[in-house]
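The values are calculated or read from the model by the stated rules, or taken from the named source; none is laboratory data. Everything quoted here is computed from the prediction, not taken from an experiment. Neighbour counts are summed over all protein chains in view; Cβ atoms, including those assigned to glycine, are modelled from backbone coordinates with ideal geometry.
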Amino acid sequence: MIDVVFFAGRHLITTGATRSVVDMIARARNQHGTALIGMGVQGTDVSTMVASAIDLAPAFRRYSLPIRALNRLRSLDLLKGSRDIAYANFLFAKLDAVANYLSARELSALLRQGERPSTFIGMNSMSLMPGRLAKKAGMTYVIHSQWVHPAVEVSALRREYASLGQENDPISKARIARQLEEFEVADLIWCASRVARDSLVENGVDASKIFTAPFGVDLDRFQPPPEGRAADGRFKILMVGGLIVRKGVHILLEAVLRSEVADADLVLNGPADAITTGIIRDYKVRLAERGIELTFGAGDPRGNLQTASVFVLASVSESFGLVVLEAMASGLPVLISSAVGASECVVEGKNGFVFPSRDVTTLARHLNRLYADRAQCRDFGEQSRKVAQEYEIASMSEALMDQIQERSAKLRSS
């Protein structure tokens, strides 16, 4: 019997924060029956943790073929800079709409089979159609707000785009419209941090709908190096995540340039977009003059987390930032922007520092401190692992579902 239906959005369930959300819900509710609707579900370990695993990938590829054909324009380099970003955002909004439709179709099929789940959980901007269907069937409709409120995100990104000479809006109007409508229609809104929650409340979203439950981290998957982290050797600064303006990669680059760090490594573990690729290559040349080797590209971050000295996330807008917990679980000191939701996991001066968003000078000062005192760097990392243990994924999973159950029961009794 299916009790919970979870739609993981259009992203592969094995990557990034999507993986964490999937793991949290599957771990907590598999004994009660969860139907997972997502991309690339079949053949993964998650498919064995849920009562029903519905893989949208084959249908998604068919339905999104015209959109992917349009995306060929980008691969032909016919669009540059902000024009490319605007076009990409337009296409992503269309892909979200396809995922939205297909998830509703699969939920409808489950209901026709006689299933009567109590709860539907969907990812923000992609779950309006199945959410409406869920409410009509008497289910509690829960939205996971994986971003801060769009008004806050747009304001932060416009400022950064302007400073980089980019003119187009950073987020498509279609995505914003769906987000706002979902906030209105949903029974409950799950935020992973106070940063995300406050952004919604301050912009008029009904506070009574919102609850906070932080992500959990897999402590077996992310661990410190077995031999411990050396207090000497080459200093290595690491960032993990999409190398985009929202993640503040340009802020990190400028801070490293202004710092006293030399003869070191800077690793940007993630894919770059049309705007940041040029910025990164420019800084690569400038940093090389100080003996700082800059490398960037996508891939599994665990190897870099094992060999880094310090982790940095300088995002200008970030509802949580699971990579922060993953870095902490790997035994790294962390330097985090105040705009990052996971900054509330940092114990100031014990396992890292939270610096004011966009404050290049303060970030450079913190880098100088850890660069000059590698023993403190190691001590901070040991504390990070201890703090991360408080966010072990199984306990966070149960806490999340307990909140949903409790709030759903109140809704049904009112």
Among the residues of the range 211-230, is there at least one that is within 21 Å of Glu406 (Cα to Cα) and out of contact with any strand residue (DSSP E or B) (no Cβ under 7 Å at 6 or more places or on another chain)?
-> yes
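How many residues are crowded, with 17+ Cβ neighbours inside 10 Å and more than 23 Å from Thr18 (Cβ to Cβ) if we restrict to the range 285-305?
Looking only at that region, the number is 3.
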Which is surrounded by fewer than 20 Cβ atoms within 10 Å (Cβ to Cβ) and either touching a helix residue (DSSP H, G or I) at 6+ places or on another chain (Cβ under 8 Å) or under 20 Å from Ser319 (Cβ atoms) (or both), of Gln146, Gln179, Gln223?
-> Gln223
Could you check, for the range 227-238, whether at least one of its residues is of a type in the set (Lys, Arg) and loosely packed, with under 15 Cβ neighbours inside 10 Å?
-> yes
May I ask you to verify whether Val354 is surrounded by 24 or more Cβ atoms within 10 Å (Cβ to Cβ), of a type in the set (Val, Ile, Thr) and out of contact with any Lys or Arg (no Cβ under 8 Å at 6 or more places or on another chain)?
-> no
With respect to Arg221, is the statement that it is under 30 Å from Glu398 (Cα atoms) and among the basic types (Lys, Arg) true?
-> yes
Given the structure, is Gly40 at positive phi and either touching a helix residue (DSSP H, G or I) at 6+ places or on another chain (Cβ under 9 Å) or not assigned by TED's automatic domain parsing to the domain that holds Ala93 (or both)?
-> yes
Go over the candidates Leu157, Leu219, Leu164 one by one and state the one that is closer than 25 Å to Glu390 by Cβ, of a type in the set (A, V, I, L, M, F, W, C) and in contact (Cβ under 8 Å) with a residue 40 or more places away in the chain.
-> Leu219
Flagged pairs (Cβ under 8 angstrom, 6 or more apart or on separate chains; first in the range 382-397, among the polar types (S, T, N, Q) and part of a helix (DSSP H, G or I); second modelled with pLDDT of 95 or more and surrounded by fewer than 21 Cβ atoms within 10 Å (Cβ to Cβ)) are Gln383/Val347; Gln383/Lys350; Gln389/Leu219
Would you mind stating whether Val256 is assigned by TED's automatic domain parsing to the domain that holds Gln383, closer than 24 Å to Ser343 by Cβ and part of a strand (DSSP E or B)?
-> no
Filter the range 259-289 for residues that are more than 24 Å from the chain's Cα centre (by Cα) and not in a helix (DSSP H, G or I); the one that is farthest from Arg369 (Cα to Cα) is Glu289
Of the numbered conditions (1) free of Cβ contacts under 8 Å to residues at least 40 places away in the same chain; (2) of a type in the set (Phe, Trp, Tyr); (3) in a strand (DSSP E or B), Tyr87 satisfies every one except a single condition; which is it?
-> (3)
